[in-house]
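Taking it in order: structure first as structure tokens, then the write-up.
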Amino acid sequence: MSLDLLVAILMTIAGAATPLLIAGLGELVVEKSGVLNLGVEGMMLIGAVTGFAVATTTGFPVLGAFAAMVAAALASAIFAVLVLTLMANQVATGLALTIFGTGVSALIGAPFVGITTPTLGTIFPDWLTSTPLLRLVFGHSPLVYLGLLLTLGVWWFLNRSRAGLILRAVGESDTAAHAIGYPVLKVRYLAILFGGAMAGLAGSYYSLVLTPMWAERLTAGRGWIAIALVVFASWRPGRMLAGAYLFGLVITMELQAKAAGFNMFAPEFLAALPYIATIAVLAIISAAKRGSANAPACLGKSFRATA
Amino acid sequence: MTAKAAAPRLELKGISKRFPGVVANDQVSFAVPAGTIHALLGENGAGKSTLVKIIYGVQSADEGAIVFDGNLVQIGSPKEARALGIGMVFQHFSLFEAMTVLENIALGMDDPPPRRQLEARVREVLDSYGLSLDPHRYVHTLSVGERQRIEIVRALLQEPRLLIMDEPTSVLTPQEVEELFKTLWRLANEGCSILYISHKLHEIEVLCESATILRGGKVVGSCDPRRESAKSMAEMMIGGSLKDLSDKSDCSYGEDRFTVSGLSAPGEPPFGTSLKDVSFSVRSGEIFGIAGVAGNGQNELLAVISGETQAGVTGSIRLEGRELSQLSVGARRKAGLASSPEERNGHAAVPAMSLAENAILSARSRMGLASGGVIKGGAAKDYATRVIEAFSVKATGPAAAAGSLSGGNLQKFVMGREIMQNPAVFVVSQPTWGVDAGAASFIRQAMIDLVAKGASVVVVSQDLDELLELCDRLAVINEGRLSEAMDVKGIDIEKVGLLMGGVHGSEIDGAGAGRAADPSHAPAKRPEPAL
């Protein structure tokens, strides 16, 4: 195997892992605050189509990425009002958000089908990507580096900052946090908005980096993998990084196998591989005794302030 | 010495607090000098908790003044109390299980220093008080005593001048109690005053140098526990005047009908009390009382007898010779064992369901309210209506939701639902808790009528007066152990008080000489201040 091919494969892994990582880190923060938002897939689709629409109309893909974050955060705000203020069931509302996002993105995206867009290029000068090895370090989309920085940032926020400590306290025992005097709902609103923005950014990665075109259901269920990865990572940012890159590997294997004409299995089986891996990983984690030990105790429960 | 330095650390002047229907504190006045450990004694409902909540700023008094270090103060919130130097360790801790000790301490402080500095200060406090606690351990891995240390350290970091401790030893092991007392003596010797609430009189005797006794919200006495005995303090808590026993002279007891022997069961973690070799028997036509301070195993005992708790239970429960301990709740009811737990809303009755539906839940087999898996709606409605009429329950009818009834009326309905099934044995916890006087006497009369028909009744209650009025014999439960049964006629009330305070049978006979013999785990005397 040539060095060129190896580098290309490694870069594909990073590319496949990055949207999972970014969306997963957003969901991780949301869940740490005690809220389960199953609408990641929907928010990613809204982000993908908004990013694509803004990038093609204005010609600035960076603007598209920002617009994607704003649009998905707005979608998550609807979710936040429903589950926090109106205390709707989080699971049902999250599923509704995904259905909503799928529909809205298809509607907005209809005029854009078949058009290509300027993509988010690399940020380093050309001479830094002239050899395969340099390309491996400097040749990625800026979002790949952002994902790595975000991992570090989320870890620092949760484990080292006072705000992160309060966020974890809110997810651990909303009643105790409220009794001590912390604003439970405000913390959860902010967490949900952050999670929405990250899902939107991850969605825009599909339409602005991976495939510079729009198609319905472009994210193809990767939002669900991001949610599963939060459990896989036991709510730890470092493990989220490992998990996302592991799944990046699985996805890349599928692509490479197809490209190499590997036909021992039906292509449908290969396409299903990442999702089969998701189910397998979740089953193994649930079976392991301490698998969910790190789960926030108030995950998915509505909070009603008393006194 | 200035006048201010001589002023007591805390002085309460005529504190009164009323809640709808009850006076929690009535003109309470007492003072705690600097550097003393002061006990606040009283039975449940005597007003101790309300009083300390007022001092800590959780509630405000209707009348009266609080003087702290010679200054008149208004304490509007716990934050203001902490700013004055008042710390409090609660009976039930507000800790975050999945977080470390250090994180919990930081979350509970108004303005915590940076992490490393905080850790250094925590270690300093731990070292100087000889407390062992790893700041990086997760709370869910800690014992109850260690968890309490977190709260104590949190309070100590604010350098308190008055520390309030609400039932701090109720969940501790004897060794942990000893450690706690050492810390408290050390604090007192450094000038911190401690207001200490406990039911455990032998601990008060050893730990405290002054005490205020509350009964019915009023101060009824004060004493120096070192010069009193657990016996004399129990007497002051309970009060001398006892109601006359109700006249049930014409009833005759039959054979032992309901026998519990050697019953042991593990407590529900984390705060449950395990039952240890509980034995008693009740004759037909008899009301048997189980007295004791809350949290000494009453709920566990009721759950084991009713059949709710079956895991880990050893011992036997016999009704008319038939062994029930292997039967399910429903089968026990069918056999004639009715029961009613302490919590009526959500345990004895489902608040969102109608009275008729609630009647089906416990009376379906004995009253034929369901057969072959199909509910007989008409029969259930009839039965609920009969209960409502017979027990004069104020409700709109059998379709009224249980949750819409007042506490007293729901309790009457629950009692009626059980009693009208004509059980052979009726086991009930806190039958008149939170019920107004009229309903309470109605419920008591219903139990007397039930035994007059030859049934047996077991009443678990924290209200000793109620038990003395109602029961033929009673026993005291303390830390999951049940004392010998005593005839209520001519009962030694001092002995009952001692048993409730945790002084066990063998020690009571020697108690007349002044002090009760030191219980095995009572710590040493307070050391002299090191100068």
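Within the range A:132-157, work out how many residues are among the hydrophobic types (A, V, I, L, M, F, W, C), open to solvent by less than 20 Å² (accessible area, probe 1.4 Å) and modelled with pLDDT of 95 or more. First the steps, then the outcome.
Kept after step one, since they are among the hydrophobic types (A, V, I, L, M, F, W, C), are these residues of the range A:132-157: A:133-134, A:136-138, A:143-144, A:146, A:148-150, A:152, A:154-157.
Among the residues that remain, those that are also open to solvent by less than 20 Å² (accessible area, probe 1.4 Å) are: A:143-144, A:154.
Keeping just the survivors that are modelled with pLDDT of 95 or more gives A:154.
The qualifying residues number 1.
Please verify whether the range A:197-215 includes one or more residues that are under 13 Å from the mean Cα position of the chain (by Cα), of a type in the set (A, V, I, L, M, F, W, C) and closer than 30 Å to residue B:97 by Cβ. Yes, the range A:197-215 contains a residue that is under 13 Å from the mean Cα position of the chain (by Cα), of a type in the set (A, V, I, L, M, F, W, C) and closer than 30 Å to residue B:97 by Cβ.
Of the residues making up the range A:146-163, just one is within 15 Å of the chain's Cα centre (by Cα) and without any contact (Cβ under 8 Å) to a residue 12 or more places away in the chain, namely A:149. Of all residues in the range A:154-176, exactly one satisfies the criterion of being part of a helix (DSSP H, G or I), small (Gly, Ala, Ser), closer than 19 Å to residue A:36 by Cα and within 8 Å of chain B (Cβ to nearest Cβ), namely A:169. Tell me, which residue of the range B:86-98 that is within 19 Å of residue B:197 (Cα to Cα) and of a type outside the set (Val, Ile, Thr) is nearest to the other protein chains (Cβ to nearest Cβ)? Checking each candidate, the answer is B:94.
Can you find a residue in the range B:70-79 that is under 19 Å from residue B:107 (Cα atoms) and of a type outside the set (D, E, K, R)? The answer is yes; a qualifying residue exists. Checked against (1) farther than 20 Å from residue A:31 by Cα; (2) touching a helix residue (DSSP H, G or I) at 6+ places or on another chain (Cβ under 6 Å); (3) facing chain B (nearest Cβ under 8 Å), residue A:179 passes all but a single condition, namely (2). Screening residue B:68 against (1) closer than 18 Å to residue B:10 by Cβ; (2) aromatic (Phe, Trp, Tyr); (3) touching a Leu at 6+ places or on another chain (Cβ under 9 Å); (4) within 14 Å of chain A (Cβ to nearest Cβ) leaves a single unmet condition, (4).
Checked against (1) out of contact with any strand residue (DSSP E or B) (no Cβ under 8 Å at 6 or more places or on another chain); (2) farther than 30 Å from residue B:277 by Cα, residue B:410 passes all but a single condition, namely (1).
Selection within the range B:95-126: residues that are in contact (Cβ under 8 Å) with a residue 12 or more places away in the chain and open to solvent by 40 Å² or more (accessible area, probe 1.4 Å). The member of this set that is nearest to residue A:159 (Cα to Cα) is B:115.
Every residue in the range A:37-58 that is over 10 Å from residue A:109 (Cα atoms), of a type outside the set (A, V, I, L, M) and touching a residue at least 60 places away in the same chain (Cβ under 8 Å), please. Hits for the range A:37-58 are A:37, A:39, A:41, A:42, A:47, A:51, A:56. The residues of the range A:86-112 that are in contact with a Phe, Trp or Tyr (Cβ under 6 Å, 6 or more places away or on another chain) and either open to solvent by 70 Å² or more (accessible area, probe 1.4 Å) or of a type in the set (A, V, I, L, M, F, W, C) (or both), listed by number, are A:97, A:112.
Over 27 Å from residue B:7 (Cα atoms), charged (D, E, K, R) and modelled with pLDDT under 90: is that true of residue B:228 in this structure? First the steps, then the outcome.
Working: over 27 Å from residue B:7 (Cα atoms): no; charged (D, E, K, R): yes; modelled with pLDDT under 90: yes.
Spelling it out, it is not the case that residue B:228 is over 27 Å from residue B:7 (Cα atoms), charged (D, E, K, R) and modelled with pLDDT under 90.
Which of the residues belonging to the range A:115-132 are touching a Pro at 6+ places or on another chain (Cβ under 9 Å) and β-branched (Val, Ile, Thr)?
Narrowing the range A:115-132 to residues touching a Pro at 6+ places or on another chain (Cβ under 9 Å): A:116-123.
Selection gives A:116, A:117, A:119, A:122, A:123.
Only residues that are more than 19 Å from residue A:74 (Cβ to Cβ), of a type in the set (Val, Ile, Thr) and modelled with pLDDT of 90 or more were counted across the range A:163-220, and they come to 5.
I'm trying to understand the selection: among the residues of the range B:59-108, which are part of a helix (DSSP H, G or I) and aliphatic (A, V, I, L, M)? Across the range B:59-108, the qualifying residues are B:81, B:83, B:84, B:101, B:102, B:105, B:106, B:107.
Among the residues of the range A:216-224, is any part of a helix (DSSP H, G or I), surrounded by 15 or more Cβ atoms within 10 Å (Cβ to Cβ), basic (Lys, Arg) and under 17 Å from the mean Cα position of the chain (by Cα)? Give the steps one after another, and end with the answer.
Residues of the range A:216-224 part of a helix (DSSP H, G or I): A:222-224.
Subset that is surrounded by 15 or more Cβ atoms within 10 Å (Cβ to Cβ): A:222-224.
With basic (Lys, Arg) added as a condition, the list becomes A:222.
Imposing the further condition that a residue be under 17 Å from the mean Cα position of the chain (by Cα) reduces the set to A:222.
Yes; the residues of the range A:216-224 include at least one that is part of a helix (DSSP H, G or I), surrounded by 15 or more Cβ atoms within 10 Å (Cβ to Cβ), basic (Lys, Arg) and under 17 Å from the mean Cα position of the chain (by Cα).
Pairing residues of the range A:209-223 that are under 16 Å from residue A:106 (Cα atoms) with residues that are aromatic (Phe, Trp, Tyr) and crowded, with 22+ Cβ neighbours inside 10 Å, at Cβ distances under 7 Å and at least 6 apart in sequence or on separate chains, gives A:214/A:52; A:218/A:206; A:219/A:206.
Return the residues of the range B:99-115 that are facing chain A (nearest Cβ under 8 Å) and more than 28 Å from the chain's Cα centre (by Cα); say none if nothing qualifies.
Kept after step one, since they are facing chain A (nearest Cβ under 8 Å), are these residues of the range B:99-115: B:99, B:103, B:106-108, B:112, B:115.
Passing the criteria: B:99, B:103, B:106, B:107, B:112, B:115.
When the range A:182-206 is filtered for residues that are within 14 Å of chain B (Cβ to nearest Cβ) and either surrounded by fewer than 20 Cβ atoms within 10 Å (Cβ to Cβ) or touching a Phe, Trp or Tyr at 6+ places or on another chain (Cβ under 8 Å) (or both), the ones remaining, listed by number, are A:182, A:183, A:184.
For the range B:345-352, check the following and say yes or no: at least one residue is surrounded by fewer than 24 Cβ atoms within 10 Å (Cβ to Cβ) and either in contact with an Asp or Glu (Cβ under 9 Å, 6 or more places away or on another chain) or closer than 30 Å to residue B:472 by Cβ (or both). So far as the range B:345-352 goes, yes, one or more of its residues are surrounded by fewer than 24 Cβ atoms within 10 Å (Cβ to Cβ) and either in contact with an Asp or Glu (Cβ under 9 Å, 6 or more places away or on another chain) or closer than 30 Å to residue B:472 by Cβ (or both). When the range A:29-46 is filtered for residues that are buried (at least 24 other Cβ atoms within 10 Å of the Cβ) and hydrophobic (A, V, I, L, M, F, W, C), the ones remaining, listed by number, are A:29, A:30, A:35, A:40, A:43, A:44, A:45, A:46.
So in the range B:127-153, with the set limited to residues that are under 32 Å from the mean Cα position of the chain (by Cα) and farther than 21 Å from residue B:182 by Cβ, which one is surrounded by the most Cβ atoms within 10 Å (Cβ to Cβ)? Among residues in the range B:127-153 that are under 32 Å from the mean Cα position of the chain (by Cα) and farther than 21 Å from residue B:182 by Cβ, the one surrounded by the most Cβ atoms within 10 Å (Cβ to Cβ) is B:139.
The values are calculated or read from the model by the stated rules, or taken from the named source; none is laboratory data. If you're wondering where the values come from, they're calculated on a predicted model, not measured in any experiment. Reconstructed Cβ throughout: ideal geometry from the backbone, glycine too, with neighbour counts over all protein chains shown. Accessible surface is based on the protein model in full, side chains and every heavy atom, while ligands, DNA and RNA are left aside. Shrake-Rupley method; radii C 1.70, N 1.55, O 1.52, S 1.80 Å.
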